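Undergrad: Have a look at the structure that comes next, please.
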Amino acid sequence: MDTNELMNVTPDELSSALLKRRILLKDSLPGVIRNLEAEEDSISPKLDRLKKSFDEANDKVAKLKAERDQFQTRARSLIPEVKRIRTKLDESGGMINLDPKWKKMKLLEQLEEIEINIQTSALDHVSERKLIEKRRALISENDKWIRDRKASNPEMTDYLQKSKEMSKLFKKADKLHSSMIEAVSKAQPIYEKLTIASEEIKEIRSQLDRARELLAQSDKAISYWEKRIENGFGDLGVGFRDLLSGQKNVDEGGNSSFAKSSRKLKDKNARGEEE
């Protein structure tokens, strides 16, 4: 419908069209609401299952992380003690048969540096995995050295025991770290599905609230337009007729009400300047 056709619509015709629209809307809304409720009922159990699965996955990751951190903390606390014992043995001559290659590697210093990086740096999974792999290789070297020196250096029993305990703790931490990363990988798809399902049900519930609101307003709106058709528009009808009259005047070549108002304002300003 173009502008001219729209301006030719009478108040009664307009109210009749709006009344029909309101009646059609009222008749269709119950079906719309039933469909939306069915969709909500279908998605809700799926969403609940996803939430449960994601919470369980998160709990597993948190548990593995806590256990890993516990072993790492215990192993890390042994590094200074092992260094102290080694220094004491070195100063007293107890480390005289120390493997030059092992000594050159400065295994404990490297382990300590790795632990500082893990604790103080914001590492991604790739960087953290590389450090852990390096730590694993150093621990393996330490274990080999312990086996080679244990029989020939009985005075180093305490040192060897502490070193072995430190290695054991780091190995447990590494194993738990691998399990944690695997759990994180399994949780990611669950999180993505949960996000999609949450958005879907949010949209459905929003539409459902709107449909219920429109249905609740339908009887009032229908009653309003029925009364308008029955009793007329009063002042609203006069205003509408004035609008039609103004449109007719413009169509016949006359000035619009805006043009008339502008001309009156211009004449008033001109008179004020002359005075």
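The values are calculated or read from the model by the stated rules, or taken from the named source; none is laboratory data. Just so we're clear, the structure is a prediction, and the values are computed from it rather than from any experiment. All Cβ positions, glycine included, derive from the backbone under ideal geometry; neighbour counts span all protein chains shown.
Undergrad: Just to be sure I understand, how many residues within region 84-114 are surrounded by 15 or more Cβ atoms within 10 Å (Cβ to Cβ) and at pLDDT 80 or above?
TA: Residues that pass the stated criteria total 2.
Undergrad: Let me ask something additional. Going through Val82, Val32 one at a time, which residue ends up being of a type in the set (A, V, I, L, M), in contact (Cβ under 8 Å) with a residue 60 or more places away in the chain and closer than 21 Å to Asp209 by Cα? Give the steps one after another, and end with the answer.
TA: Working: Val82 fails: closer than 21 Å to Asp209 by Cα.
None of the other options fit; the residue is Val32.
Undergrad: When you look at Leu47, is it surrounded by fewer than 14 Cβ atoms within 10 Å (Cβ to Cβ) and either in contact (Cβ under 8 Å) with a residue 60 or more places away in the chain or over 28 Å from the mean Cα position of the chain (by Cα) (or both), yes or no? Write out each step before concluding.
TA: Details: surrounded by fewer than 14 Cβ atoms within 10 Å (Cβ to Cβ): no; either in contact (Cβ under 8 Å) with a residue 60 or more places away in the chain or over 28 Å from the mean Cα position of the chain (by Cα) (or both): yes.
The answer is no for Leu47.
Undergrad: Same structure again: Return the pair list, or none, for Cβ contacts closer than 8 Å from residues in region 218-231 that are of a type in the set (Lys, Arg) to residues that are at pLDDT below 85 and part of a helix (DSSP H, G or I), at least 6 apart or on different chains.
TA: If the second residue must be at pLDDT below 85 and part of a helix (DSSP H, G or I), the pairs left are Arg228/Pro11; Arg228/Ser15.
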